[in-house]
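Asks: Below: one structure in structure tokens.
Here, each number is a calculation from the coordinates, and none is a lab measurement. Here the structure is a predicted model, which is why all the values come from computation and not from measurement. As a convention, Cβ positions derive from the backbone with ideal geometry for all residues, glycine included, and neighbour counts pool all protein chains shown.
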Amino acid sequence: MASHDDDTMPPETQGYKLSQPKQSLAEYQQMDAGDDSLQRYKESLGLGGGKDLSDPNDPRVCIIDSLTMESPGRDPVTIDLSEPGSEATLKDKPFKIKEGAKFTMVAKFRVQHEILSGLQYVQVVKRKGIRVSKDSEMLGSFAPNTEKTPFYTKHFQEEDAPSGMLARGHYNAVSSFVDDDKKTHLSFEWSFDIAKDW
């Protein structure tokens, strides 16, 4: 029988293995400076530019600041996750999505202390207790934020809200941010209503 954790874990990719074992930030920064491909790899992670903004008093590696729904013709709807515990009441404050509307989710987050490898967003949606969808979006690997890049934003693929009389109603969702090591950096419940109009 599947455990509850299976809902919030990203799907396994058959035959996928990490190309390199996990290394510390110092090890990445000391990689061979004469190797052009390693230099490009380090730059793709954001290493080597500006002062590290990691907070020594905050042990979190990935801090999710917000999740925003953008849809043409309406103001963005932002779920503010910047304060610890702010996610606790989200499921009691549903927001409305117009049936058939196109929308894009945008995550804003920070990374500190170490390289964050293979961050994924996993979302499970249920209606009346029955799972109707499970989606995951690979966000990528990221170096700790610096003054040059104080935060990251990732736009997800555009989606279409379901439409029709049967699609209208109340939905509950669980969103999780999980890395390659299966570490969950944030998991929270929220809710939305599919309606005839905004």
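Asks: Using the number of other C-beta atoms within 10 angstrom as an exposure proxy, rank M165, M69 with the fewest first.
Replies: Exposure proxy ranking, most exposed first: M165, M69.
Asks: Amide H of I115 versus every other amide H placed in the peptide plane: which residues, excluding those fewer than 5 positions away on the same chain, fall under 5 Å?
Replies: For I115, the qualifying residues are L25.
Asks: Taking neighbour counts of Cβ atoms within 10 Å as a proxy for exposure, in what order, fewest first, do S82, S175, S71 appear?
Replies: Ordered by Cβ neighbours within 10 Å, fewest first: S82, S71, S175.
Asks: Continuing with this model, one more query. May I ask you to sort D197, D179 by Cβ crowding, counting other Cβ atoms within 10 Å and putting the fewest first?
Replies: Values: D197 7, D179 20.
Listing D197, D179 from fewest to most nearby Cβ atoms yields D197, D179.
Asks: Also: Hey, what do the phi angles of the stretch 69-77 turn into as Karplus ³J(HN,Hα) couplings, whole Hz, using 6.51/-1.76/1.60 and θ = phi - 60°, x for Gly and Pro?
Replies: 3J(HN,Hα) across the stretch 69-77, in whole Hz: 9, 10, 9, x, x, 8, 5, x, 10.
Asks: Separate question: Can you give the Rg to Rh ratio of the stretch 53-195, both from alpha-carbon atoms, with Rh computed by the Kirkwood formula?
Replies: 0.98
Asks: Then there is this: Loop-only trypsin sites (Lys or Arg not before Pro) in the stretch 107-146, please: DSSP not H, G, I, E or B, and at most 14 other Cβ atoms within 10 Å.
Replies: When the trypsin sites (Lys or Arg not before Pro) of the stretch 107-146 are filtered for loop state and at most 14 Cβ neighbours within 10 Å, K128 remain.
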